[in-house]
Amino acid sequence: MYTILEKEVLAPSVVRFWIEAPAVARKRRPGQFVIVRIDERGERIPLTIADADPHRGAISLVVQAVGKSTSKLNALERGAALADVAGPLGQPTRIQPGSSVCCIGGGIGAAVAYPIAAGVRALGGTVAAIIGARTRDLVILEDEMHRVATPCIVTTDDGSYGNHGLVTDALETLIDGGYVFDEVVAVGPLPMMRAVCDVTRPLGIKTIVSLNPIMIDGTGMCGGCRVTVGGEQKFVCVDGPEFDGHRVDFGELAARLRAYRDQETLALERYRADAT
């Protein structure tokens with residue numbers, strides 16, 4: 001069993017947990033993830049390891065409640081335990097020492113972008129960060145990003161906080177202002193990642209995206225997380241989760257993410273009805 005050591009609400013429907021998982025905390029590297037189950041009959045939920053404390057034997061997971069399983073997970077309190085925390089899984093981020101990187105996190109994607117930004121900084125690189133959200137209440141991990149990135153720009157769709165606009169607007173401003181990046185890392189909703197790639201492609205800037213498709217076993221056996229990259233089939237759980245964004249078939253991936261939307265909506269409605 002994996003005990004919840006801390007729980008903190010970061011934004012509406014977004015919770016940060018610190019979970020006791022000593023082996024994962026020792027081995028985890030930026031970009032990797034775990035698959036958790038609440039109980040023996042629970043759905044397997046892939047979550048990026050947002051941070052780790054090897055001395056404490058704990059990992060940090062940031063969870064947005066979007067369906068039944070994530071809502072049930074976020075309802076747990078400190079002292080509760082998860083049945084499974086399997087990992088670390090996936091390929092770690094390939095960080096070149098001393099590189100200049102722009103890390104972009106849209107919404108919950110900031111929880112994935114942050115450990116990558118921290119990893120670049122730890123290897124002597126320079127980091128600029130852009131955090132995007134629909135509105136001020138949904139901005140997360142701003143303080144953490146400020147500690148590892150200069151500048152750290154916040155954008156909101158409605159202009160309620162930071163810069164009024166999209167993350168692509170901020171990226172273009174940085175580039176026009178003379179910032180030169182060896183690489184851009186974009187994590188967030190598919191339309192956002194695709195839009196970032198549309199900005200960087202004509203400029204020839206290497207762009208990495210972290211994908212989070214439907215995933216079951218996390219070992220490449222089920223094939224549920226397959227994605228087309230450069231015309232080839234890849235499995236996000238073992239080949240990723242990070243890929244060259246200029247080569248990802250975003251249209252195909254978006255269609256697969258919608259495959260079980262009706263069932264997911266029904267399961268959430270039943271969960272909420274049972275809870276009330």
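The values are calculated or read from the model by the stated rules, or taken from the named source; none is laboratory data. All of these numbers come straight from a predicted model, not from anything done at the bench. Cβ placement follows ideal geometry from the backbone for every residue including glycine, while neighbour counts extend to all protein chains displayed. Side chains are part of the model used for accessible areas, which takes the heavy atoms of the whole protein and leaves out ligands, DNA and RNA. Shrake-Rupley method; radii C 1.70, N 1.55, O 1.52, S 1.80 Å.
Some observations on this one:
- Residue within the range 228-248 that is loosely packed, with under 14 Cβ neighbours inside 10 Å and in a helix (DSSP H, G or I) present: no
- Residue among ASP249, ASP217, ASP198, ASP274 that is of a type in the set (D, E, K, R) and at pLDDT 95 or above: ASP198
- Considering only residues in the range 249-264 that are open to solvent by 50 Å² or more (accessible area, probe 1.4 Å) and touching a residue at least 60 places away in the same chain (Cβ under 8 Å), the one that is farthest from VAL185 (Cα to Cα) turns out to be GLU264.
- Residue satisfying all of: in the range 247-259; in contact with a strand residue (DSSP E or B) (Cβ under 6 Å, 6 or more places away or on another chain) and not acidic (Asp, Glu); nearest to ARG201 (Cα to Cα) among these: ARG247
- Helices (runs of 4 or more DSSP H) contained in the range 98-182 and holding at least 1 residues touching a residue at least 24 places away in the same chain (Cβ under 8 Å) and more than 18 Å from VAL199 (Cβ to Cβ): 110-122, 142-148
- Identity of the residue in the range 249-276, within 20 Å of the chain's Cα centre (by Cα) and not in a helix (DSSP H, G or I), that ends up nearest to VAL227 (Cα to Cα): ASP249
- Count of the range 188-219 residues which are open to solvent by 10 Å² or more (accessible area, probe 1.4 Å) and assigned to a strand (DSSP E or B): 2
- For the condition over 16 Å from the mean Cα position of the chain (by Cα) and either among the aliphatic types (A, V, I, L, M) or open to solvent by less than 30 Å² (accessible area, probe 1.4 Å) (or both), ALA118 does not qualify.
- Tabulated pairs, the range 237-248, first touching a residue at least 40 places away in the same chain (Cβ under 8 Å) and charged (D, E, K, R), second open to solvent by less than 50 Å² (accessible area, probe 1.4 Å) and assigned to a loop (DSSP other than H, G, I, E, B), C-beta under 6 angstrom, 6+ apart or interchain: GLU242/GLY31
- Criterion (in contact (Cβ under 8 Å) with a residue 60 or more places away in the chain, in contact with a strand residue (DSSP E or B) (Cβ under 6 Å, 6 or more places away or on another chain), surrounded by fewer than 22 Cβ atoms within 10 Å (Cβ to Cβ) and more than 20 Å from ILE140 (Cβ to Cβ)) met by exactly one of ARG37, ARG78, ARG29, ARG44: ARG44
- The residues of the range 91-115 that are open to solvent by less than 20 Å² (accessible area, probe 1.4 Å), more than 15 Å from LEU141 (Cβ to Cβ) and small (Gly, Ala, Ser) amount to a single one, SER99.
- Remark: VAL185 matches the filter, which requires a residue to be closer than 30 Å to THR126 by Cα and within 18 Å of the chain's Cα centre (by Cα).
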